[in-house]
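Here's the structure, in structure tokens; my notes come after.
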Amino acid sequence: MTTAVSASPAASLFVLQVENLKTQFDTSAGVVRAVDGISFSLKRGEVMGLVGESGSGKSITGYSIMRAIDKPGRITEGHIKFCGRDNKIVDLVSLPERQMRDLRGNRVAMILQDPMMSLNPSLRIGTQLTETYLAHKKVSKQEARERAINVMQRVGIPDAERRLSAYPHEFSGGMRQRIAIAIALINEPDVIIADEPTTALDVTTQAQILFEVQKLSREFGTAWIWITHDLTIVAALAQNVAVMYAGKIVEYGSVASILDRPLHPYTKGLIASIPGHNSTLANKRLYQIPGNAPSLLSLPRGCPFRPRCAYADSTCLETPADTKLSENRFYRCWHPVETGAAL
Ligand code: SF4
């Protein structure tokens, strides 16, 4: 593969541009197309929600961007164009591993749902923070220590200087997740991919972290991809949202437009499932999308949502293509739902 590196006036328009990305797993049971031709663009300082049920391909999208897909998985097609602060565009799909190592954790970082997956339990958190900084910056240990204290304070860890010498198990779950966010932030990356990082936290801690993320996004200009199954988090945090189903983005748009006027029946179902949502289903029992997400090894013919969809007809036996309404809005469905239509 050749490495695409270029500079262009358009470079500043996006920090990340994913084009027709495909990631598959070659298993003994068959080929699993976990990410199947997705495209989206992320601007500097933007927060994009990536929502969908388990197995929809959200996390694999994140790992694909990090180029951290383990065998038997592999990216088979597409581009992940990254434009950092130097305004040079590189394609992360074809970037040599040595250069990718320079970017990973430095310009593009990831926060996992369980902070203990990314924290080393046997190392003091001060060591983990400073080593992440020293791996990419030519600074003294003292400067790295000062930087570690600074990011810990920014993510709301009290008594940061003293707590540098503590081990991960000495912190609560919420504080550990703040440390994971501090590690992701320490090099001021251009993009952070957060994979359900607040799911296991109580509502108060979650709200505090979401508030900090918005503040940090404004202050650092960091763009976020916030992976979640929870649309209420997206409503509170993101400007745009991509809805994934069976490895594809089935609807994309601004959070306001998607919440006000969902067009894909799956998106409408996700919104109707939000407790207390003011929809046509208000005052009725909480809605649940019927059935389960399909196995990626045996997808139904045509639209993968067909067996669960109240609007399905024989047209849906053909795979729908993207319908683009504007630069920032598309959906993938033969029969987009009308506002107010019942599910
Ligand atoms: Fe439902 Fe058909 Fe639209 Fe698929 S294409 S979501 S089955 S109406």
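Find which of 140, 183, 172 sits farthest along the positive direction of the dipole of the stretch 116-186, computed with +1 on the beta-carbon of Lys and Arg, -1 on that of Asp and Glu, about the Cα centre.
Farthest towards the positive pole: 140.
Around residue 54, under 13 Å between beta carbons, what's the net of Lys plus Arg minus Asp minus Glu among the other residues? Walk me through the numbers before you get to the answer.
Values: positive: 58; negative: 53, 195, 196, 230.
For residues surrounding residue 54, the net value is -3.
Taking the Cα centre of the chain as origin, work out the dipole magnitude from +1 charges on Lys and Arg Cβ and -1 charges on Asp and Glu Cβ, in debye rounded to 20. Before the final figure, lay out the partial values.
Working: 39 positive and 33 negative charges, 63 e Å.
It comes to approximately 300 debye.
If I take all pairs of Cα atoms in the stretch 116-186, what percentage of them are more than 17 Å from each other? Don't skip to the answer; put the middle values down first.
Numbers: 777 of 2485 pairs.
Counting pairs separated by more than 17 Å, the tail of P(r) holds 31 percent.
Shape verdict for the stretch 1-152, please, from the Cα gyration tensor: rounded (a/c under 1.5), prolate (a/b greater than b/c) or oblate. Before the final figure, lay out each step's value.
Values: a/c = 1.91, a/b = 1.32, b/c = 1.44.
Here the stretch 1-152 falls in the oblate category.
Pull up all non-local amide H partners of residue 250: gap of 5 or more, or a different chain, and H-to-H distance under 5 Å with H placed in the peptide plane.
Here 243, 244, 245 satisfy the definition.
Kindly write out, for the stretch 295-311 in residue order, the coupling ³J(HN,Hα) from the Karplus curve 6.51 cos²θ - 1.76 cosθ + 1.60 (θ = phi - 60°), rounded to whole Hz, with x marking Gly and Pro.
Each residue's phi maps through the Karplus curve to give 5, 6, 7, 9, 6, x, 5, x, 5, x, 8, 3, x, 10, 9, 6, 9 Hz.
Using a 1.4 angstrom probe, figure out how much accessible area the stretch 28-101 has per residue, in square angstrom, rounded to the nearest whole.
Details: 3230 Å² over 74 residues.
Solvent-accessible surface per residue comes out at 44 Å².
Using the heavy atoms of the protein chains alone and a 1.4 angstrom probe, what is the accessible area of the stretch 116-186 per residue in square angstrom?
Details: 3550 Å² over 71 residues.
With all protein chains present, the stretch 116-186 gives 50 Å² per residue.
Among the listed pairs 88/138; 43/137; 22/81; 58/268; 22/137; 43/88, give every one whose C-alpha distance is greater than 23 Å.
Numbers: 88/138 21 Å; 43/137 25 Å; 22/81 14 Å; 58/268 18 Å; 22/137 33 Å; 43/88 15 Å.
From the list (88/138; 43/137; 22/81; 58/268; 22/137; 43/88), the Cα-Cα distance tops 23 Å for 43/137; 22/137.
Rank 316, 333, 83 by mean-square fluctuation in a GNM of the chain with C-alpha springs under 10 angstrom and give only the top-ranked residue.
316
Tell me the net charge near residue 221. Cut-off is 11 Å between Cβ atoms, residue 221 excluded, with +1 for each Lys or Arg and -1 for each Asp or Glu.
Values: positive: 43, 44, 85, 218; negative: 46, 188, 190, 219.
Result for the local shell: 0.
Return the sequence-ordered ³J(HN,Hα) values of the stretch 118-128 in whole Hz as given by the Karplus equation 6.51 cos²θ - 1.76 cosθ + 1.60 applied to θ = phi - 60°, using x for Gly and Pro.
After applying 6.51 cos²θ - 1.76 cosθ + 1.60, I find 9, 8, 8, x, 9, 10, 4, 5, x, 5, 5 Hz.
For the chain, what's the relative contact order in percent, using C-alpha pairs closer than 8 Å and at least 6 residues apart?
Working: 660 pairs, mean separation 68.1, N = 343.
Once normalised by length, the contact order is 20 percent.
Please go through the stretch 195-296 and write out the trypsin sites (Lys or Arg not before Pro) that DSSP classes as loop and that have at most 12 other C-beta atoms within 10 Å.
Those satisfying the criteria are 284, 285.
Mean 1/r over all different Cα pairs, inverted: what Kirkwood radius does the stretch 30-86 give, in Å? Let's see the in-between values first.
Values: mean 1/r = 0.0770 Å⁻¹.
When all Cα pairs of the stretch 30-86 are included, the Kirkwood radius is 13.0 Å.
Compute the signed sum of charges (Lys and Arg +1, Asp and Glu -1) over the other residues within less than 12 Å, Cβ to Cβ, of residue 240.
After counting each charged neighbour, the total is -1.
With charges set only on the Cβ (+1 for Lys and Arg, -1 for Asp and Glu), what does the dipole of the stretch 116-186 come to about its Cα centre, in debye to the nearest 20? All intermediate terms of the calculation are to be shown ahead of the outcome.
Numbers: 11 positive and 6 negative charges, 25 e Å.
For the stretch 116-186, the charge dipole is close to 120 debye.
Kindly write out, for the stretch 93-106 in residue order, the coupling ³J(HN,Hα) from the Karplus curve 6.51 cos²θ - 1.76 cosθ + 1.60 (θ = phi - 60°), rounded to whole Hz, with x marking Gly and Pro.
Result, rounded to whole Hz: 5, 10, 5, x, 4, 4, 6, 5, 4, 5, 7, 5, x, 10.
Accessible area of the chain with a 1.4 Å probe: how many percent of it is carbon plus sulfur?
Details: 8170 of 16000 Å².
Within the chain, the accessible surface is 51 percent carbon and sulfur.
Mean residue ellipticity at 222 nm from the helices of the chain, using -39,500 (n - 2.57) per DSSP H segment of n ≥ 4 over the full residue count, to the nearest 500 deg cm²/dmol? Spell out each step's value before the answer.
Numbers: 11 runs with 99 residues, N = 343.
After summing the helix terms and dividing by the residues of the chain, the value is -8000 deg cm²/dmol.
For the stretch 109-266, what does the relative contact order come out to in percent, with C-alpha contacts under 8 Å and a separation of six or more?
Contact order relative to length: 24 percent.
Restricting the count to DSSP beta bridges whose residues both fall in the chain, what percent are antiparallel, rounded to a multiple of 5?
Antiparallel bridges: around 65 percent, rounded to the nearest 5.
Charges at C-beta only: +1 for Lys and Arg, -1 for Asp and Glu. How large is the resulting dipole of the stretch 124-250 about its Cα centre, in Debye rounded to 20?
Working: 14 positive and 14 negative charges, 65 e Å.
I would put it at about 320 debye.
Classify the chain as rounded, prolate or oblate from the Cα gyration tensor: take a ≥ b ≥ c as the square roots of its eigenvalues, call it rounded if a/c is under 1.5, otherwise prolate when a/b beats b/c and oblate if not.
Taking the square roots of the gyration eigenvalues as a ≥ b ≥ c, the chain is prolate.
The values are calculated or read from the model by the stated rules, or taken from the named source; none is laboratory data. The structure presented is a predicted model; accordingly, all values stated were derived computationally and were not measured. Cβ coordinates were reconstructed from backbone atoms using ideal geometry, including for glycine residues, and neighbour counts include every protein chain displayed. To get the accessible areas, we keep the full protein, side chains included, count just its heavy atoms, and leave off ligands, DNA and RNA. Shrake-Rupley method; radii C 1.70, N 1.55, O 1.52, S 1.80 Å.
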